[in-house]
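The values are calculated or read from the model by the stated rules, or taken from the named source; none is laboratory data. Keep in mind that this is a model prediction, so the values were computed, not measured. Here the Cβ positions follow ideal geometry from the backbone for every residue, glycine too, while neighbour counts run over all protein chains shown. Side chains are part of the model used for accessible areas, which takes the heavy atoms of the whole protein and leaves out ligands, DNA and RNA. Shrake-Rupley method; radii C 1.70, N 1.55, O 1.52, S 1.80 Å.
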Amino acid sequence: MTGAAAAASSGYADVNGLHMYYEVHGTGSPLVLLHGGVLTIDLNFAGLIPALARKHQVIGVELQGHGRTADIDRPLTPAALAEDIVGLLDHLDIATAHLFGHSMGGATAMEMAVNHAGRVRSVVAASVSVRPDGLHEDLTDPDKQATSTRMPTQQDFIDFREAYLRLSPHPEHFDEFLATLSTSNADTQGWTDEQLAGIRSPVLLVLGDRDFTTVEHGALMQRLIPGAQLAVLPDTTHMQVTRRADVLLPMLHRFLD
């Protein structure tokens, strides 16, 4: 996979016991990129960063246990990860930012909109759900996973492992880390209807039509979040959502501007 252009700057923020890696591209209004589970900045956003960095100060983050950020003894939950992002914004002296998250990162962005609204300009939440029953049955029925066209491919798993072994401060933990994430449901527990109704930030929901989250659940989320917009990308799986630069970038430019 082709990497993004070299970052203008990079570093680590020490927040909540975490030594968290980040990198910055471009100038303009701040836009924080929040990757999905087992992914990295490059694996999730390499094809989008160069274009986004023409109009934004793009801040790529590697969340707890991912990429260059070492794991700590703490459950991976949207609430904990959102607290880390607040700490990062403080570290960078950024009052408010746009947030674009995919999957686990999308849940983190949603948590920011619910419980840290004062730090949020807008949210692009890709491949998220706000209730456990928002997931397609292929994800919840082990008998269907092996033949489902919604699941990550063998090449995806090769890419996960290669990036982890190359970047992680503790590469020997890959199998254990993958197993932990695979059994976690923290990022699908969601929020109450009342919490979602209280969101005041502009929200763009993005799904693939063959995503982990059902299109029907996407429509429900749009109804529950005031003023939310919903984009369903055609012929697109969960892993392909942020790879669809051809259809995604025009939407992002319009929404973020």
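Within the chain, the selection of entire DSSP H helices by a Cα span of 18 Å or greater along the long axis and an average Kyte-Doolittle value of at least 0.5 returns 78-91. Considering only GLY36, GLY87, GLY106, give the residue with the highest GNM mean-square fluctuation for the chain, with springs between Cα atoms whenever their separation is below 10 Å. Between GLY36, GLY87, GLY106, it is GLY87 that shows the largest mean-square fluctuation.
Pop out the carbon and sulfur fraction of the accessible area of region 159-254 as a percent, whole number, probe 1.4 Å.
On the way: 2490 of 4720 Å².
About 53 percent, which is the carbon plus sulfur part of the accessible surface.
Solvent-accessible surface of region 104-257, averaged per residue with a 1.4 angstrom probe and all protein chains in place: 48 square angstrom. In terms of its Cα atoms, region 198-256 spans 31, 25, 13 Å along the principal axes, sorted from long to short. If you take the square roots of the eigenvalues of the alpha-carbon gyration tensor of the chain and sort them as a ≥ b ≥ c, do you get rounded (a/c under 1.5), prolate (a/b over b/c) or oblate? Rounded. With a Förster radius of 22 Å applied to the beta-carbon distance between LEU178 and ASP235, the computed FRET efficiency rounds to 0.20. The Rg/Rh ratio of region 1-99, with both radii computed over alpha carbons and Rh defined as the Kirkwood radius, is 0.94.
Here the Gaussian network model covers the chain, with springs between Cα atoms less than 10 Å apart; of LEU81, LEU92, LEU52, LEU92 fluctuates the most.
Where only DSSP H runs of four or more residues are counted, the chain gives -10000 deg cm²/dmol as its mean residue ellipticity at 222 nm, each run worth -39500 (n - 2.57). Cα gyration tensor of region 67-188, axes a ≥ b ≥ c as square roots of the eigenvalues: rounded (a/c below 1.5), prolate (a/b > b/c) or oblate? Oblate shape, in that a/c is at least 1.5 and b/c is the bigger or equal ratio.
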